[in-house]
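Visitor: Have a look at this one.
The values are calculated or read from the model by the stated rules, or taken from the named source; none is laboratory data. Quick caveat: nothing in here was measured; it's all calculated off a predicted structure. Cβ placement follows ideal geometry from the backbone for every residue including glycine, while neighbour counts extend to all protein chains displayed. Surface areas here come from the heavy atoms of the whole protein model, side chains and all, with no ligands, DNA or RNA. Shrake-Rupley method; radii C 1.70, N 1.55, O 1.52, S 1.80 Å.
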Amino acid sequence: MRRLFGLLVLLTLAVGAAMLLQLSWGNITLWVPPYRIDFSLQAAVIGLFLALVATLMIARILSGFLELPARVQRYRRRRQQEVRLQTLSQMILDYFEGRFARAIKQSNQLKDDLGLRQASAGTIAAANAITASAAHAMHERPLRDSAIEELNRLAVGSSKDQLADQAAVAALLAAEFALDERKGQQALMALAPLTQKESRQVHTMRLALRANQQVGNWDEVLRIARLLMNRKAITPTVAIHYKQRVADAWIADGRHQEAIALIEQVLKNNWDSGLAMRYGRCEGVAKDQLTQLERWLKAHPQDPELHWALGRLCQRERLWGKARLHLETSLRVRPMVETHLALAEIAESLSESDTAALHWKAAARLV
C-alpha cells in the first residue's frame, strides 16, 4: 500500500511537471560573445535546479573525503573498544568458570593496554582484582600480593570517588584471602577502615563476622549477627547458628548468666533444640532454670534435647530419679551420645556398675 501511494505521488509530480513545461512563460537570451544562446524560462529554471543538485552532491562528496580520516579514527576507536569489552567479558567468564590461568592472561592483556590505563582506571582496577582472586585460587601468593599492591597504587593516583572504591576493593580482597588462610586478626586489620564507616556494606559485615569468629571475639560476633539479621542479610537459621557458637564460647568462659539470658531471649521467639540443650549446660540458678525448662517442655514435649537439658539439671541437683526419667525419655525419642554419658554418670553415682557399663558401651557405639 505504501509503494502504491508513492507511485501515485511520483506520477502526479511527473504530470504536473509536463503540464508546466507546456506553458509558455517566455524566453531567456544569454549572450556569450560572439555567441547568443536562447532558451525558455522553464529550461532555465530546470537547469538552475539541476546545477544546484549537482553542486550539493559535489559538496557532499568533498565533505566525505575531508571527513574520511576522522571516520577512520572513530572506526578504529570503536573497534578497539569492542576488543577491550570482549577481553573484559571473557576474563570475567573465565574466572567464574574456574579457568584461572586464562583469566589472568586476559587481565594482563587489559593491563598492558596503555590507552585503557589512561581512559579507564576502573577497568584496570577490576582486572587487578580478578588477577588477585584467580592467583589466590591457584595458590600463587606472589602474584596475588603484587596485584593487591598495584590495586593500592592505582587507588592513590585516582580521583576521590575512585580512590574510595579501589581502596575498598583492595581491603575486601585482602580480608577474604586472610580469612581463607585462617588469619582472622589480619583480616580485621584489613577491614578496619571499612568497619569504622557509618554506612557499612553487608559484604563487609559478613567478612567482619567471620574474622571475629576466627579470633574469638564472640561479643562482636553476636552484635554483627544481630545487625545482619535486622538487614535480612542472613536467615534466622544462620543467625541461630552464630548464637549457638556464642553461647558455647560464653559457657566455656564461665559467663553462664550471659549465656542464659541470650538463650532465653532467642527461644522466646524462635525455638531451637540446640540452644535448649546448651541451656542445660549453663550453671545458673537451678530452680529458675528448671522452671523455665518445664515451661518450654509443655510446648515441646517430644524434644529430646530439651529432655536432656532437664535431665542434666536434675543430675546437677542430685535429683537422680527425675534426671533418669527425662534422660530415658530423651533416649527413646532419639539416641544421643550425651544422653548415654549422663545416664552412665548417674549409674556410677548410684553404684550401679553394670548399668553404667552398658551406657558407656552404647555411647562408644554411637561415636
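Visitor: At pLDDT below 90, open to solvent by 30 Å² or more (accessible area, probe 1.4 Å) and not in a helix (DSSP H, G or I) - does that describe any residue in the range 159-166? Walk me through it before giving the result.
Guide: Going through the range 159-166, the residues at pLDDT below 90 turn out to be 159-166.
If we keep only those that are open to solvent by 30 Å² or more (accessible area, probe 1.4 Å) too, we end up with 159-165.
Filter once more, so that each one left must be not in a helix (DSSP H, G or I): 159.
Yes: one or more hits.
Visitor: Kindly establish whether Q42 is farther than 23 Å from L114 by Cα, at pLDDT below 85 and either open to solvent by 100 Å² or more (accessible area, probe 1.4 Å) or under 31 Å from the mean Cα position of the chain (by Cα) (or both). Talk me through it step by step, then tell me what you get.
Guide: Values: farther than 23 Å from L114 by Cα: yes; at pLDDT below 85: yes; either open to solvent by 100 Å² or more (accessible area, probe 1.4 Å) or under 31 Å from the mean Cα position of the chain (by Cα) (or both): no.
Considered against the rule, which asks whether it is farther than 23 Å from L114 by Cα, at pLDDT below 85 and either open to solvent by 100 Å² or more (accessible area, probe 1.4 Å) or under 31 Å from the mean Cα position of the chain (by Cα) (or both), Q42 comes out as no.
Visitor: With under 20 Å from the mean Cα position of the chain (by Cα), over 20 Å from R79 (Cβ atoms) and open to solvent by less than 70 Å² (accessible area, probe 1.4 Å) as the only criterion, which of A126, A121 stands out? Please lay out each step first, then the result.
Guide: Working: A121 fails: under 20 Å from the mean Cα position of the chain (by Cα).
A126 is the lone residue from the list that is under 20 Å from the mean Cα position of the chain (by Cα), over 20 Å from R79 (Cβ atoms) and open to solvent by less than 70 Å² (accessible area, probe 1.4 Å).
Visitor: On to the next question. Tell me which residues, restricted to the range 312-367, are in contact with a His (Cβ under 9 Å, 6 or more places away or on another chain) and among the hydroxyl-bearing types (S, T, Y).
Guide: T329, S330, T339, listed by residue number.
Visitor: Oh, and also: Return a yes/no flag: does the range 171-190 have any residue that is touching a His at 6+ places or on another chain (Cβ under 9 Å), farther than 29 Å from L275 by Cβ, of a type in the set (A, V, I, L, M) and in a helix (DSSP H, G or I). Full working, then the answer.
Guide: First, pick out the residues of the range 171-190 that are touching a His at 6+ places or on another chain (Cβ under 9 Å): 172-173, 176-177, 180.
From the residues that got through so far, the ones that are farther than 29 Å from L275 by Cβ too are 172-173, 176-177, 180.
From the residues that got through so far, the ones that are of a type in the set (A, V, I, L, M) too are 172-173.
The next check asks that each one be in a helix (DSSP H, G or I); those that pass are 172-173.
Scanning the range 171-190, I find at least one residue that is touching a His at 6+ places or on another chain (Cβ under 9 Å), farther than 29 Å from L275 by Cβ, of a type in the set (A, V, I, L, M) and in a helix (DSSP H, G or I), so the answer is yes.
Visitor: How many residues does the range 258-289 hold that are out of contact with any Cys (no Cβ under 6 Å at 6 or more places or on another chain), crowded, with 18+ Cβ neighbours inside 10 Å and among the hydrophobic types (A, V, I, L, M, F, W, C)?
Guide: 8
Visitor: Which count do you get for residues in the range 236-257 that are modelled with pLDDT of 90 or more and open to solvent by 70 Å² or more (accessible area, probe 1.4 Å)?
Guide: Final tally of qualifying residues: 5.
Visitor: If you don't mind, there's one more thing I want to ask. Output yes when any residue across the range 203-223 is under 22 Å from A125 (Cβ atoms), at pLDDT 90 or above and of a type in the set (F, W, Y), and no when none is.
Guide: The answer is no, given that none of the residues of the range 203-223 is under 22 Å from A125 (Cβ atoms), at pLDDT 90 or above and of a type in the set (F, W, Y).
Visitor: Could you tell me whether the range 274-297 includes any residue that is part of a helix (DSSP H, G or I) and among the β-branched types (V, I, T)? Working first, answer last.
Guide: Pass one, the range 274-297, residues part of a helix (DSSP H, G or I): 274-281, 286-297.
After this cut, where a residue has to be among the β-branched types (V, I, T) as well, the list is 291.
Yes.
Visitor: For residues that are in a helix (DSSP H, G or I) and open to solvent by 40 Å² or more (accessible area, probe 1.4 Å), tally how many sit in the range 129-142.
Guide: 3
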